[in-house]
Amino acid sequence: MKAAYVEAYGPPEVVKIRDVPMPAPAEGGIVVKSHATTVNSGDARVRALRDPGGMKLLMRLALGFNRPKQAVIGFDVAGEVAAVGAGVTDLKVGDRVLASNRFKFGCHAEYVQIDADGLAVKIPDNLSYVDAISLPFGGATSLVFFKEGGLKSGEKLLINGASGAVGVMAIQIAKLMGAEVTGVCSAANAGLVRELGADHVIDYAKTDFAVGSERYDVIMDTHGNAPYARVKHLLRPGGRFLMVIGNLWQMISGGFQSAVISPRDDKAAVSFENYAYLLNLASKGEIKPVIDQVLPFSDIVEAHRRVDSGHKVGSVVVTFDQG
Ligand SMILES: NC(=O)c1ccc[n+]([C@@H]2O[C@H](COP(=O)([O-])OP(=O)(O)OC[C@H]3O[C@@H](n4cnc5c(N)ncnc54)[C@H](OP(=O)(O)O)[C@@H]3O)[C@@H](O)[C@H]2O)c1
(Lines give C-alpha, C1' and ligand atoms only; values in the text may rest on other atoms or scores of the structure.)
Protein backbone atom coordinates (compact mmCIF):
# COMPACT_ATOMS: atom_id res chain seq x y z
CA MET A 1 0.00 0.00 0.00
CA LYS A 2 1.06 3.61 -0.47
CA ALA A 3 1.87 6.10 2.28
CA ALA A 4 3.20 9.67 2.23
CA TYR A 5 6.41 10.05 4.23
CA VAL A 6 7.79 13.32 5.60
CA GLU A 7 11.46 12.56 5.19
CA ALA A 8 12.78 15.76 6.80
CA TYR A 9 11.30 19.03 8.03
CA GLY A 10 11.01 21.34 5.06
CA PRO A 11 9.01 22.46 2.01
CA PRO A 12 6.22 20.37 0.42
CA GLU A 13 8.80 18.47 -1.66
CA VAL A 14 10.07 16.61 1.45
CA VAL A 15 6.90 14.51 1.20
CA LYS A 16 7.53 11.28 -0.72
CA ILE A 17 5.09 8.52 -1.53
CA ARG A 18 6.42 5.06 -0.64
CA ASP A 19 5.19 1.49 -0.87
CA VAL A 20 4.96 -0.01 2.61
CA PRO A 21 3.44 -3.18 4.12
CA MET A 22 -0.28 -3.25 4.92
CA PRO A 23 -1.05 -2.58 8.59
CA ALA A 24 -2.93 -5.13 10.71
CA PRO A 25 -5.47 -4.11 13.33
CA ALA A 26 -4.29 -4.00 16.94
CA GLU A 27 -6.47 -5.34 19.76
CA GLY A 28 -9.48 -3.04 20.11
CA GLY A 29 -8.52 -1.16 16.93
CA ILE A 30 -9.41 -1.21 13.23
CA VAL A 31 -7.82 -0.71 9.83
CA VAL A 32 -9.52 1.78 7.51
CA LYS A 33 -9.20 1.66 3.72
CA SER A 34 -8.88 5.36 2.98
CA HIS A 35 -11.09 7.08 0.45
CA ALA A 36 -10.25 10.61 1.57
CA THR A 37 -8.00 12.51 3.95
CA THR A 38 -7.02 16.16 4.26
CA VAL A 39 -3.78 18.07 4.29
CA ASN A 40 -4.63 20.66 6.93
CA SER A 41 -2.74 23.63 8.33
CA GLY A 42 -1.61 21.50 11.28
CA ASP A 43 -0.07 18.90 8.95
CA ALA A 44 1.75 21.65 7.04
CA ARG A 45 3.04 23.07 10.35
CA VAL A 46 4.45 19.70 11.35
CA ARG A 47 5.98 19.05 7.90
CA ALA A 48 7.67 22.46 7.82
CA LEU A 49 8.39 22.65 11.58
CA ARG A 50 6.63 26.01 11.28
CA ASP A 51 5.93 27.29 14.76
CA PRO A 52 3.83 30.34 15.65
CA GLY A 53 6.87 31.87 17.41
CA GLY A 54 9.14 30.68 20.21
CA MET A 55 8.14 27.02 20.02
CA LYS A 56 10.61 25.35 17.65
CA LEU A 57 12.45 23.52 20.42
CA LEU A 58 9.21 22.36 22.03
CA MET A 59 8.00 21.16 18.63
CA ARG A 60 11.23 19.24 18.02
CA LEU A 61 10.96 17.63 21.47
CA ALA A 62 7.36 16.63 20.87
CA LEU A 63 7.56 15.62 17.21
CA GLY A 64 11.15 14.53 16.61
CA PHE A 65 14.42 16.41 16.40
CA ASN A 66 15.38 16.37 12.71
CA ARG A 67 12.23 14.91 11.22
CA PRO A 68 8.87 13.75 12.52
CA LYS A 69 9.21 10.50 14.51
CA GLN A 70 5.86 9.60 12.98
CA ALA A 71 6.89 10.11 9.36
CA VAL A 72 3.38 9.45 8.03
CA ILE A 73 1.37 12.44 9.21
CA GLY A 74 -2.32 13.20 8.63
CA PHE A 75 -4.93 13.67 11.30
CA ASP A 76 -8.18 12.19 9.94
CA VAL A 77 -9.33 9.60 7.44
CA ALA A 78 -12.69 8.85 5.82
CA GLY A 79 -13.01 5.37 4.43
CA GLU A 80 -14.33 1.87 4.93
CA VAL A 81 -13.40 -0.51 7.69
CA ALA A 82 -11.08 -3.10 6.11
CA ALA A 83 -10.30 -5.15 9.23
CA VAL A 84 -11.27 -5.18 12.90
CA GLY A 85 -9.09 -6.21 15.83
CA ALA A 86 -9.99 -8.55 18.67
CA GLY A 87 -12.64 -7.12 20.95
CA VAL A 88 -14.19 -4.68 18.47
CA THR A 89 -17.96 -5.13 18.52
CA ASP A 90 -19.39 -1.77 17.39
CA LEU A 91 -17.86 -1.77 13.88
CA LYS A 92 -17.64 -4.35 11.10
CA VAL A 93 -15.79 -4.70 7.81
CA GLY A 94 -17.38 -2.43 5.17
CA ASP A 95 -18.70 0.22 7.58
CA ARG A 96 -18.12 3.78 6.31
CA VAL A 97 -16.27 5.72 9.00
CA LEU A 98 -14.61 9.03 9.83
CA ALA A 99 -11.64 8.18 12.03
CA SER A 100 -8.63 9.74 13.74
CA ASN A 101 -5.57 8.69 15.68
CA ARG A 102 -5.24 12.26 17.02
CA PHE A 103 -1.58 13.30 17.34
CA LYS A 104 -0.37 9.81 16.54
CA PHE A 105 -1.17 10.91 12.95
CA GLY A 106 -0.70 8.19 10.26
CA CYS A 107 -3.70 9.14 8.06
CA HIS A 108 -1.82 10.07 4.86
CA ALA A 109 -1.86 6.45 3.73
CA GLU A 110 -3.97 4.07 1.69
CA TYR A 111 -4.75 1.93 4.75
CA VAL A 112 -4.76 3.48 8.22
CA GLN A 113 -4.47 1.65 11.51
CA ILE A 114 -6.72 3.26 14.11
CA ASP A 115 -5.80 2.24 17.64
CA ALA A 116 -8.17 1.41 20.47
CA ASP A 117 -7.63 4.89 21.91
CA GLY A 118 -8.34 6.57 18.54
CA LEU A 119 -11.87 7.18 17.35
CA ALA A 120 -14.10 6.06 14.50
CA VAL A 121 -17.62 7.33 13.83
CA LYS A 122 -20.01 5.95 11.22
CA ILE A 123 -20.65 8.33 8.29
CA PRO A 124 -24.34 8.85 7.46
CA ASP A 125 -25.33 7.35 4.08
CA ASN A 126 -26.13 10.71 2.50
CA LEU A 127 -22.62 12.11 3.08
CA SER A 128 -19.71 11.42 0.75
CA TYR A 129 -16.26 10.61 2.09
CA VAL A 130 -15.01 13.93 0.71
CA ASP A 131 -17.74 15.89 2.50
CA ALA A 132 -17.21 13.96 5.75
CA ILE A 133 -13.44 14.51 5.83
CA SER A 134 -13.81 18.26 5.35
CA LEU A 135 -15.69 18.71 8.63
CA PRO A 136 -13.63 17.73 11.67
CA PHE A 137 -10.45 19.83 11.60
CA GLY A 138 -12.26 23.16 11.64
CA GLY A 139 -15.50 21.85 13.11
CA ALA A 140 -14.11 20.14 16.19
CA THR A 141 -11.76 23.09 16.83
CA SER A 142 -14.71 25.50 16.70
CA LEU A 143 -16.87 23.33 18.94
CA VAL A 144 -14.24 23.11 21.67
CA PHE A 145 -13.36 26.81 21.59
CA PHE A 146 -17.02 27.87 21.64
CA LYS A 147 -17.67 25.50 24.55
CA GLU A 148 -14.63 26.64 26.53
CA GLY A 149 -15.38 30.26 25.65
CA GLY A 150 -19.05 29.91 26.62
CA LEU A 151 -20.42 31.41 23.38
CA LYS A 152 -24.10 32.23 23.89
CA SER A 153 -27.09 33.00 21.71
CA GLY A 154 -27.33 36.70 20.89
CA GLU A 155 -23.65 37.40 21.48
CA LYS A 156 -21.53 39.27 18.95
CA LEU A 157 -18.65 37.17 17.65
CA LEU A 158 -15.83 38.29 15.34
CA ILE A 159 -13.88 35.60 13.47
CA ASN A 160 -10.52 36.74 12.10
CA GLY A 161 -9.62 34.39 9.23
CA ALA A 162 -13.21 33.45 8.41
CA SER A 163 -12.64 31.59 5.15
CA GLY A 164 -10.07 28.99 6.26
CA ALA A 165 -10.84 25.49 7.48
CA VAL A 166 -11.53 26.71 11.02
CA GLY A 167 -13.31 29.90 9.95
CA VAL A 168 -15.88 28.32 7.62
CA MET A 169 -16.97 25.86 10.30
CA ALA A 170 -16.84 28.49 13.06
CA ILE A 171 -19.24 30.77 11.15
CA GLN A 172 -21.78 28.02 10.59
CA ILE A 173 -21.65 26.59 14.11
CA ALA A 174 -21.81 30.04 15.70
CA LYS A 175 -24.90 30.90 13.63
CA LEU A 176 -26.55 27.66 14.76
CA MET A 177 -25.75 28.72 18.33
CA GLY A 178 -27.55 32.03 17.70
CA ALA A 179 -24.54 34.37 17.62
CA GLU A 180 -24.26 37.50 15.47
CA VAL A 181 -21.17 36.85 13.37
CA THR A 182 -18.65 39.20 11.78
CA GLY A 183 -16.18 37.46 9.45
CA VAL A 184 -12.80 38.94 8.51
CA CYS A 185 -11.36 37.69 5.21
CA SER A 186 -10.18 38.89 1.80
CA ALA A 187 -12.61 40.45 -0.69
CA ALA A 188 -12.38 37.31 -2.83
CA ASN A 189 -14.03 35.24 -0.07
CA ALA A 190 -16.55 37.79 1.21
CA GLY A 191 -19.43 36.23 -0.79
CA LEU A 192 -18.78 32.76 0.59
CA VAL A 193 -18.46 34.02 4.16
CA ARG A 194 -21.85 35.78 3.84
CA GLU A 195 -23.39 32.70 2.23
CA LEU A 196 -22.25 30.61 5.17
CA GLY A 197 -24.21 32.92 7.45
CA ALA A 198 -21.95 35.79 8.50
CA ASP A 199 -24.03 38.89 9.26
CA HIS A 200 -21.14 41.27 8.55
CA VAL A 201 -17.93 40.88 6.56
CA ILE A 202 -14.75 42.93 6.91
CA ASP A 203 -12.15 42.93 4.12
CA TYR A 204 -8.84 42.89 5.95
CA ALA A 205 -7.08 44.59 3.04
CA LYS A 206 -9.34 47.64 3.37
CA THR A 207 -10.20 47.81 7.07
CA ASP A 208 -8.25 46.98 10.20
CA PHE A 209 -11.03 45.89 12.56
CA ALA A 210 -8.67 46.35 15.53
CA VAL A 211 -8.85 50.13 15.18
CA GLY A 212 -12.62 50.22 14.64
CA SER A 213 -15.30 51.28 17.11
CA GLU A 214 -17.40 48.08 17.02
CA ARG A 215 -17.43 46.01 20.25
CA TYR A 216 -17.73 42.21 20.54
CA ASP A 217 -18.53 39.61 23.20
CA VAL A 218 -16.14 37.10 21.65
CA ILE A 219 -13.18 37.49 19.27
CA MET A 220 -11.75 34.37 17.63
CA ASP A 221 -8.34 34.77 16.00
CA THR A 222 -7.53 31.97 13.57
CA HIS A 223 -4.90 33.93 11.66
CA GLY A 224 -2.54 35.10 14.41
CA ASN A 225 -2.35 38.79 13.50
CA ALA A 226 -4.99 39.84 16.03
CA PRO A 227 -3.55 38.77 19.40
CA TYR A 228 -5.34 39.59 22.67
CA ALA A 229 -3.09 42.57 23.45
CA ARG A 230 -4.10 44.18 20.14
CA VAL A 231 -7.85 43.59 20.33
CA LYS A 232 -8.76 43.42 24.03
CA HIS A 233 -10.13 47.00 23.94
CA LEU A 234 -12.78 45.75 21.47
CA LEU A 235 -14.20 43.27 23.98
CA ARG A 236 -17.35 44.16 25.87
CA PRO A 237 -17.31 43.63 29.66
CA GLY A 238 -17.12 39.86 30.25
CA GLY A 239 -15.81 39.36 26.69
CA ARG A 240 -13.62 36.42 25.70
CA PHE A 241 -10.73 36.00 23.28
CA LEU A 242 -10.40 32.62 21.53
CA MET A 243 -6.69 32.19 20.76
CA VAL A 244 -6.82 29.50 18.09
CA ILE A 245 -3.25 30.41 17.20
CA GLY A 246 -0.68 32.22 19.33
CA ASN A 247 3.06 32.33 19.94
CA LEU A 248 4.77 31.06 23.08
CA TRP A 249 4.64 34.40 24.87
CA GLN A 250 0.96 34.91 24.01
CA MET A 251 0.17 31.43 25.28
CA ILE A 252 2.07 31.94 28.55
CA SER A 253 0.61 35.39 29.19
CA GLY A 254 -2.86 34.19 28.08
CA GLY A 255 -2.72 31.65 30.90
CA PHE A 256 -2.91 34.56 33.36
CA GLN A 257 -5.87 36.25 31.64
CA SER A 258 -9.31 34.83 32.37
CA ALA A 259 -10.64 36.33 29.12
CA VAL A 260 -8.17 34.33 27.01
CA ILE A 261 -9.15 30.83 25.93
CA SER A 262 -6.04 28.95 24.75
CA PRO A 263 -5.56 25.84 22.61
CA ARG A 264 -6.65 22.76 24.50
CA ASP A 265 -5.43 19.22 24.62
CA ASP A 266 -6.48 17.30 21.53
CA LYS A 267 -8.88 14.91 23.28
CA ALA A 268 -11.29 17.74 24.14
CA ALA A 269 -11.70 18.62 20.45
CA VAL A 270 -11.05 15.31 18.74
CA SER A 271 -13.77 13.34 20.50
CA PHE A 272 -16.32 10.78 19.33
CA GLU A 273 -19.10 13.15 20.42
CA ASN A 274 -17.79 16.12 18.42
CA TYR A 275 -17.19 14.07 15.27
CA ALA A 276 -20.64 12.43 15.51
CA TYR A 277 -22.26 15.82 16.13
CA LEU A 278 -20.60 17.37 13.06
CA LEU A 279 -21.52 14.43 10.81
CA ASN A 280 -25.11 14.64 12.02
CA LEU A 281 -25.32 18.40 11.36
CA ALA A 282 -23.91 17.94 7.85
CA SER A 283 -26.21 15.00 7.16
CA LYS A 284 -29.22 17.18 8.06
CA GLY A 285 -27.88 20.01 5.86
CA GLU A 286 -27.38 22.31 8.86
CA ILE A 287 -23.70 22.82 8.08
CA LYS A 288 -22.11 22.78 4.63
CA PRO A 289 -18.76 21.20 3.81
CA VAL A 290 -16.42 23.80 2.29
CA ILE A 291 -13.78 22.30 0.04
CA ASP A 292 -10.95 24.20 -1.57
CA GLN A 293 -9.67 21.41 -3.82
CA VAL A 294 -9.87 17.65 -4.18
CA LEU A 295 -6.56 16.20 -5.33
CA PRO A 296 -5.51 12.61 -5.97
CA PHE A 297 -3.15 11.10 -3.40
CA SER A 298 -0.41 11.08 -6.05
CA ASP A 299 -0.56 14.92 -5.87
CA ILE A 300 -0.17 15.19 -2.09
CA VAL A 301 2.88 17.45 -2.54
CA GLU A 302 0.65 19.87 -4.46
CA ALA A 303 -1.88 19.68 -1.61
CA HIS A 304 0.86 20.76 0.84
CA ARG A 305 1.76 23.65 -1.49
CA ARG A 306 -1.84 24.86 -1.52
CA VAL A 307 -2.04 24.74 2.28
CA ASP A 308 1.26 26.64 2.52
CA SER A 309 -0.31 29.49 0.50
CA GLY A 310 -2.21 30.50 3.66
CA HIS A 311 -5.27 31.25 1.49
CA LYS A 312 -7.05 27.97 1.07
CA VAL A 313 -10.82 28.16 1.40
CA GLY A 314 -12.00 25.48 3.83
CA SER A 315 -10.31 22.09 3.41
CA VAL A 316 -7.85 20.64 0.92
CA VAL A 317 -8.93 17.03 0.42
CA VAL A 318 -6.76 14.20 -0.89
CA THR A 319 -8.51 11.15 -2.26
CA PHE A 320 -7.67 7.64 -3.36
CA ASP A 321 -10.74 7.49 -5.60
CA GLN A 322 -9.23 9.34 -8.56
CA GLY A 323 -6.50 6.84 -9.36
N1 LIG B 1 -5.41 25.57 18.61
C2 LIG B 1 -5.95 24.58 17.96
O3 LIG B 1 -6.44 23.64 18.53
C4 LIG B 1 -5.99 24.67 16.46
C5 LIG B 1 -6.78 23.79 15.73
C6 LIG B 1 -6.85 23.94 14.35
C7 LIG B 1 -6.10 24.93 13.71
N8 LIG B 1 -5.30 25.73 14.44
C9 LIG B 1 -4.51 26.81 13.79
O10 LIG B 1 -5.44 27.73 13.28
C11 LIG B 1 -4.91 28.41 12.17
C12 LIG B 1 -5.94 28.47 11.06
O13 LIG B 1 -6.13 27.20 10.54
P14 LIG B 1 -6.95 27.00 9.18
O15 LIG B 1 -6.82 25.57 8.82
O16 LIG B 1 -8.28 27.59 9.29
O17 LIG B 1 -6.04 27.89 8.18
P18 LIG B 1 -6.31 28.20 6.66
O19 LIG B 1 -7.36 27.29 6.15
O20 LIG B 1 -5.00 28.28 5.99
O21 LIG B 1 -6.98 29.66 6.69
C22 LIG B 1 -6.25 30.82 6.74
C23 LIG B 1 -7.24 31.96 6.83
O24 LIG B 1 -6.53 33.15 7.17
C25 LIG B 1 -7.06 34.19 6.37
N26 LIG B 1 -6.11 35.29 6.26
C27 LIG B 1 -5.00 35.40 5.47
N28 LIG B 1 -4.42 36.59 5.68
C29 LIG B 1 -5.16 37.25 6.61
C30 LIG B 1 -5.08 38.50 7.25
N31 LIG B 1 -4.07 39.35 6.97
N32 LIG B 1 -6.01 38.84 8.17
C33 LIG B 1 -7.02 37.99 8.47
N34 LIG B 1 -7.17 36.78 7.89
C35 LIG B 1 -6.24 36.42 6.99
C36 LIG B 1 -7.37 33.55 5.04
O37 LIG B 1 -8.31 34.34 4.34
P38 LIG B 1 -8.13 34.70 2.78
O39 LIG B 1 -7.84 33.43 2.06
O40 LIG B 1 -9.47 35.30 2.43
O41 LIG B 1 -6.98 35.66 2.67
C42 LIG B 1 -7.97 32.24 5.53
O43 LIG B 1 -9.32 32.46 5.85
C44 LIG B 1 -3.62 27.66 11.80
O45 LIG B 1 -2.53 28.43 12.25
C46 LIG B 1 -3.72 26.36 12.57
O47 LIG B 1 -2.45 25.88 12.90
C48 LIG B 1 -5.22 25.64 15.80
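The values are calculated or read from the model by the stated rules, or taken from the named source; none is laboratory data. Computed from a predicted structure; not experimentally measured. Reconstructed Cβ throughout: ideal geometry from the backbone, glycine too, with neighbour counts over all protein chains shown. Areas reflect the complete protein model, heavy atoms only, side chains present, ligands, DNA and RNA absent. Shrake-Rupley method; radii C 1.70, N 1.55, O 1.52, S 1.80 Å.
Note on the chain: with a GNM built from Cα contacts shorter than 10 Å, the maximum mean-square fluctuation among L57, L49, L192 falls on L57. Is the C-alpha gyration tensor of segment 137-266 telling us rounded, prolate or oblate? Criteria: a/c under 1.5 is rounded; beyond that, a/b larger than b/c is prolate, otherwise oblate. Since a/c stays below 1.5, the shape of segment 137-266 is classed as rounded. Rolling a 1.4 Å probe over the protein chains gives T38 an accessible area of about 10 Å².
Using +1 on the beta carbon of Lys and Arg, -1 on that of Asp and Glu, and nothing else charged, what's the dipole of the chain about the Cα centre, debye to 20?
Working: 34 positive and 34 negative charges, 148 e Å.
For the chain, the charge dipole is close to 720 debye.
Of the residues Q293, Q70, Q257, the one that moves most in a GNM of the chain with alpha-carbon contacts below 10 Å is Q257.
Within the full protein context, the accessible area of E214 is estimated at about 90 Å² for a probe radius of 1.4 Å. Distance cut-off 20 Å, Cα to Cα: go down the list K104/K284; K69/K104; K2/K69; K2/K104; K2/K56 and report the pairs above it. The pairs that break the limit, which is 20 Å between Cα atoms, are K104/K284; K2/K56.
Lys and Arg at +1, Asp and Glu at -1: add these up for the other residues within a Cβ distance under 12 Å of I133 and post the number. List each step's numbers first, then the result.
On the way: positive: R96; negative: D76, D131, D321.
Local net charge: -2.
Put a plus charge on the Cβ of each Lys and Arg, a minus charge on the Cβ of each Asp and Glu, and nothing anywhere else: the dipole of segment 34-118 about its Cα centre is then about 540 debye.
Candidates G28, S253, F65 compared by Cα position along the dipole of the chain: farthest toward the positive end lies S253, with charges placed on Cβ.
Of all beta bridges that DSSP places with both ends in the chain, some 55 percent have antiparallel geometry. Distance between the C-alpha centres of segment 124-153 and segment 242-287: 10 Å, rounded to the whole angstrom.
Estimated from helices alone, the mean residue ellipticity of the chain at 222 nm is -7500 deg cm²/dmol (sum of -39500 (n - 2.57) over DSSP H runs with n ≥ 4, per residue).
Where does each of Y5, Y204 land when they are ordered by accessible area, with a 1.4 Å probe and the largest first? Provide the component values of the computation, followed by the final result.
Numbers: Y5 50, Y204 110 Å².
Output order, biggest surface exposure first: Y204, Y5.
How high is the relative contact order of the chain? Use alpha-carbon pairs under 8 Å, at least six apart in sequence, and give a whole percent. Relative CO of the chain lands at 20 percent. Ligands, DNA and RNA excluded, the heavy atoms of D43 present near 0 Å² of accessible surface to a 1.4 Å solvent probe.
In the neighborhood of D217, defined by Cβ-to-Cβ distances under 12 Å, what is the net charge if each Lys or Arg adds +1 and each Asp or Glu adds -1?
Details: positive: K152, K156, R215, R236, R240; negative: E155, E180, E214.
Here the count lands on +2.
Tell me the net charge near V32. Cut-off is 11 Å between Cβ atoms, V32 excluded, with +1 for each Lys or Arg and -1 for each Asp or Glu. Charge balance near V32 sits at -2.
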